[in-house]
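Colleague: One structure, pasted below without further comment.
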Amino acid sequence: MTMHPALAVCAAGMLLVSCGSGHDSGTPLYKDPSQPVEKRVDDLLSRMTLDEKIGQLNQRSSWGGESATGYFSKEIEAGNIGSLLNVDPVSADSLQRVAVEKSRLGIPVLLSRDVIHGYRTIFPIPLGQAATFDTALVAQGARIAAVEASADGIRWTFSPMIDISRDARWGRIAESFGEDVWLTRQMGRAMVRGYQGDAGNDSTSMAACAKHFVGYGASESGRDYNSTFIPERQLREVYLAPFEDVCREGAMTYMSSFNDNDGIPASGNRHVLTDILRGEWGFDGFVVSDWASVAEMINHGYCADRKDAARTGFNAGVDMEMESGTYIENMKALIDEGAVKMDDIDRSVASVLRIKFLLGLFDNPYITTPQDVLYAPEHLAAARQAAAESAILLKNADETLPLKEGMTILLTGPMADAPHDQMGTWVFDGQKDHTVTLLDAFKDQWGGRVKVIYEPGLAYSRDTETSGIDCAVAAARGADAIVAVVGEEAILSGEAHSMADLNLVGAQSELIGRLAKTGKPLVTVVMAGRPLTIGKEVEESDAVLYSFHPGTMGGPALADILMGEISPSGRTPVTFAKTVGQLPMYYSHKNTGRPAAGTEVLIDDIELEAGQTSLGCTSFWLDAGFGPLFPFGYGLTYGDFRYSNVKTDKNAYGKDDTIHASAVLTNSGKREATEVVQLYVRDLVGSVTRPVKELKEFRRVTLAPGESVTVDFDLPVSELAFYGQDMQRNVEAGEFTLGIGPDSDTELSCSFTVK
Ligand code: BGC
């Protein structure tokens, strides 16, 4: 997919697409599709009253039903609303007709919704999509979401969520692409490409919204909406980096976040919203607040009242206010008092109109996508592939997996047949009747080839009633293998669903423990919205397959893996901690002055009345050691991949050069499999300390048994730049190490210098 020139809302400024010269003198210029977008914006702006302008900056949420349609019809006709969210699909087209046919200037309303991981056909949650390390598939999923959503008139989604998330207590980690900057950058770009498609030429294009701007994922103690304390260097290198990338990709809108960083609420942060986004990156789309985050600056203790909040939010750079209505109430007075400048209002309104023109809403405002795209077979097939690629094989002792045809399998656990929960968080439109569970897949797809005994054990993930566990244990006696599907209900992750304990909820741990004692091969499948602390269950199980809520087609995808139709290829997009006390935990940390390499003395090793210095004085936890349960980038396959001959083409590079690095990858196993080859780099000495490792490239490679290939990467030296002590982004000369391997534990065995 390539970006349409009209989508260049960043850096290069707006490219104007003109197909004709003049316009019919009877028709206002802005209604003439042959005119360049900027001329149309200017012409329309010149015809608008101040009230109509302020109306464009107001976004409201519908509560559905007839009363909402009646109320919003009047407001739209009066020009008081620029965008609506959560519109009931039945009234979407009629509200648009009111905007276009009854409001004075016929400005279409931008209909928006949280289409986060699919519209009707639900893809894995974004954390699961990140686990695929497959950007083409993620772009395809976003395209499908846009095609389906546009069939109900939705042309703006509040996605991608590109908050770097390093604390699994935070429920919204589910919506993110995990902990890594590079991976999030690639995934964010892929989603923007997919949603926006060929905007300007395509009525299935949907404006993307990069959120939450910025730093929301660093909420203190993983508690949602909490404050963040991110210094400028880390803000730029870690949290802002994916937002800069999607700006280059042409993301049409941004959403300011809820958190206050170092005392400044994001919706009132002019440095970020204006100086960086518009000033440094050249963004020309518009910024919407998060839900009521402008008014919430009063709760933060940053604004005195609603008028002060409107002034602060708008002057910081929030163009459109979501839901709280302080702009529409106060903007006229603020302009009269000189507290808000008319030029700024014009710029903001122009940025909203520009996106409406670019989406083609003025020329083609009504729904044209047919309803039969919803759950189209090719959409279901793509969702199935995404669910399969997102599943991570964490353990496979003695080749327990794949299971064999002819076996009798006990299928148990509260998530084995949970059609609603399997879809995960942020699903408004996916219908559980369309979900295919693992139980469905084993019955319908594998019914003739394996015998399945189904005994759920627990009714739902939080269930503590254990009588069902006895039935499951009894049923295990007649089975050749057990597949136990545990995890989290959808509602336990997502917004406002932070958790302080990440062990399996309810009696699920007891279920696994008792099944393990039967001595039957035990395959534990986890469906969850975050990486849980499952060390005990991993120990007790023979095999573990982790599936971040896999969506509509999770069942057949996971059955294909369990039965060996497909080799698992997902990789952890986030570090799995052993215990919640290790959080936040991420591979790309600093080394400290006392790194913990091999010097851990754990709590049970400490002698009585030990002297003060007997613990090695390195950076680790007495009761958890240093390492995680599973590192970032980790995942097994049914193949057996070996790396050799890892090298760079030179020992020294200039700052404008490209590093050509390669490794030989061999599948020495007996089955075809896909490896996610990962390239990591370390800058050994800097003017400020640098992470011990940084992912800089990855590629999925599929090899037949016995097959070998050379995997090549071209890494521009400029990708090694960082914000040095002078806060300038530069590559600093010096020595680097590089490694290519299967996960973030990869040894960095090659050295090179940059001159
Ligand atoms: C969330 C956003 C979401 C918005 C609209 C807010 O509560 O933080 O991510 O897009 O609601 O539903």
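Colleague: Quick one: Val701 ticks every box in (1) touching a Leu at 6+ places or on another chain (Cβ under 8 Å); (2) in contact (Cβ under 8 Å) with a residue 40 or more places away in the chain bar one, so which box is it?
Modeller: It is condition (2) that Val701 fails.
Colleague: Then there is this: If you go through the range 159-200, how many residues are within 16 Å of the ligand (Cβ to nearest atom), among the aromatic types (Phe, Trp, Tyr) and touching a Leu at 6+ places or on another chain (Cβ under 8 Å)?
Modeller: Residues meeting the conditions: 1.
Colleague: Pairs needed: first member in the range 149-165, farther than 18 Å from Gly430 by Cβ; second member anywhere, open to solvent by 10 Å² or more (accessible area, probe 1.4 Å) and within 11 Å of the ligand (Cβ to nearest atom); C-beta distance under 8 Å; at least 6 residues apart or different chains.
Modeller: Short answer, once both residue conditions are applied: Trp156/Arg113.
Colleague: Could you list all residues from the range 533-558 that are in a helix (DSSP H, G or I) and either within 23 Å of the chain's Cα centre (by Cα) or not assigned by TED's automatic domain parsing to the domain that holds Gly513 (or both)?
Modeller: Gly554, Gly555, Ala557, Leu558
Colleague: Given the criteria open to solvent by less than 40 Å² (accessible area, probe 1.4 Å) and more than 16 Å from the ligand (Cβ to nearest atom), does Glu488 qualify?
Modeller: Yes; evaluated as a whole, the condition is true for this residue.
Colleague: Can I ask one more? Would you mind listing the helices (runs of 4 or more DSSP H) fully within the range 33-150 where at least 3 residues are closer than 22 Å to Ile355 by Cβ?
Modeller: 37-47, 50-56, 65-77, 89-102, 135-150
Here's the yes/no breakdown for (1) surrounded by fewer than 24 Cβ atoms within 10 Å (Cβ to Cβ); (2) under 19 Å from Leu95 (Cα atoms); (3) touching a Gly at 6+ places or on another chain (Cβ under 7 Å); (4) hydroxyl-bearing (Ser, Thr, Tyr):
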residue	(1), (2), (3), (4)
Leu334	yes, no, no, no
Asp343	yes, no, no, no
Ala350	yes, no, no, no
Pro370	yes, yes, no, no
Ala388	no, no, no, no
Ala391	no, no, yes, no
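Colleague: May I pose another question? Of the residues Lys670, Lys590, only one is touching a residue at least 40 places away in the same chain (Cβ under 8 Å) and either under 26 Å from Ile561 (Cβ atoms) or charged (D, E, K, R) (or both); which?
Modeller: The conditions single out Lys590.
Colleague: Which ones in the range 164-180 are part of a helix (DSSP H, G or I) and within 12 Å of the chain's Cα centre (by Cα)?
Modeller: Arg172, Ile173, Ala174, Glu175
Colleague: Can you work out which of the residues in the range 541-558 that are of a type outside the set (Ser, Thr, Tyr) and under 11 Å from Lys395 (Cα atoms) is surrounded by the fewest Cβ atoms within 10 Å (Cβ to Cβ)?
Modeller: Filtering the range 541-558 for residues that are of a type outside the set (Ser, Thr, Tyr) and under 11 Å from Lys395 (Cα atoms), the one surrounded by the fewest Cβ atoms within 10 Å (Cβ to Cβ) comes out as Asp542.
Colleague: Considering only residues that are in contact (Cβ under 8 Å) with a residue 12 or more places away in the chain and either open to solvent by less than 50 Å² (accessible area, probe 1.4 Å) or outside any loop (DSSP other than H, G, I, E, B) (or both), which ones fall in the range 593-613?
Modeller: Of everything in the range 593-613, those that are in contact (Cβ under 8 Å) with a residue 12 or more places away in the chain and either open to solvent by less than 50 Å² (accessible area, probe 1.4 Å) or outside any loop (DSSP other than H, G, I, E, B) (or both) turn out to be Ala596, Val601, Ile603.
The values are calculated or read from the model by the stated rules, or taken from the named source; none is laboratory data. None of these values were measured; they are calculated from a predicted model. Because the Cβ atoms are built from the backbone with ideal geometry, glycine has one as well, and the counts that use them run over all protein chains shown. Quick note on the areas: whole protein, heavy atoms, side chains included, nothing else; ligands and nucleic acids left out. Shrake-Rupley method; radii C 1.70, N 1.55, O 1.52, S 1.80 Å.
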